[in-house]
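The values are calculated or read from the model by the stated rules, or taken from the named source; none is laboratory data. Model, not experiment: these values are computed from the prediction. Neighbour counts are summed over all protein chains in view; Cβ atoms, including those assigned to glycine, are modelled from backbone coordinates with ideal geometry. The accessibility values were calculated without ligands, DNA or RNA, using every heavy atom of the protein model including side chains. Shrake-Rupley method; radii C 1.70, N 1.55, O 1.52, S 1.80 Å.
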Amino acid sequence: MFKVIIVENYEELSKAAFEVMKDYLKPGKVLGLATGSSPVGLYKNMIKDHIQNKTSYKDIITFNLDEYVGLPKDHKESYYTFMHEQLFNHVDIKEENIHIPSGLGDLEANCKAYDEAIEKCPVDIQLLGIGSNGHIGFNEPGTPFTLGTHVTDLKESTRKDNARFFDPLGEEVPYQACTMGLATIMKAKNILLVANGENKAKAVKGMLEGEVSEDLPASILQNHPNVTVVIDKAASTLLEKKY
Ligand code: GLP
């Protein structure tokens, strides 16, 4: 079941997403978090709320969706670094309450342990962006809906989308990532997906109005009971239904 909120621009999107998220910024809640540029404005609103309203993250637990394989935590483009720079360093969350898949060491054992940790601590709200090819987390088109956390090969289109971050470092985008699977994501009690810009319009259309198919991983969300989608006008241009 989708609740779709269409707003004018990115600033409004970030505020609307915060209005949904703020109900979960309470002791004991478990947040599933995402990287990418789409949630950055929401994270800014969360930081502002922490500073102005003293909302505390001391008893909040987080699980991130994914991490590149082969990047150490302190790599400038690791999702560990991204999350600390964009959110964790600016709020009072305890480091031991932060979970991000590790892309180093025994990957299979890491993935299994990650799913076990989520099993013990079910996610109350999972935040998602969406890739231009409809991926969520790093579940690329063709990923079986049944997978838990796993290692995956990145599609060339995704590596191209993300090259803007690695090119200035003179480095290649990693070829693999460790990601929560679609079965893991679907276990979250609530889902909040944010998407902006016209390069997301096709993926958004497929997710909301296309058939449920592994060719467009986000379409699995049609089977989830509680999904809020916040998009800007540009990402909504191909939609045919009224929301
Ligand atoms: C990456 C992340 C996804 C994210 C996507 C879109 O591939 N693994 O979680 O949704 O990028 O990123 P952006 O929000 O920058 O468009």
> Using a 1.4 Å probe, what is the accessible area per residue for the chain, in Å²?
Replying inline: 46 Å²
>> Applying a 10 Å radius around every beta-carbon, put 27-33, 8-14, 137-143 in order of their mean neighbour count, most first.
In response: 137-143, 27-33, 8-14
>> If the only charges are +1 at each Lys and Arg Cβ and -1 at each Asp and Glu Cβ, what is the size of the charge dipole of segment 2-236 around the Cα centre, to the nearest 20 debye?
In response: 700 debye
> What 222 nm value per residue comes from the helices of the chain, counting each DSSP H run with n ≥ 4 as -39,500 (n - 2.57) and dividing by all residues, nearest 500 deg cm²/dmol?
Replying inline: -9000 deg cm²/dmol
> What net charge is computed for the residues neighbouring Gln52, neighbours being all others with C-beta under 13 Å from the C-beta of Gln52, Lys and Arg scored +1, Asp and Glu -1?
Replying inline: +3
> Over segment 2-236, what percent of the accessible surface lies on carbon and sulfur atoms, probe 1.4 Å?
Replying inline: 51 percent
> What percent antiparallel are the DSSP beta bridges of the chain, to the nearest 5?
Replying inline: 25 percent
>> Among Ile60, Asn133, Ser219, whose Cα projects farthest towards the positive end of the dipole of the chain, with charges put on the beta-carbon of Lys, Arg (+1) and Asp, Glu (-1)?
In response: Ile60
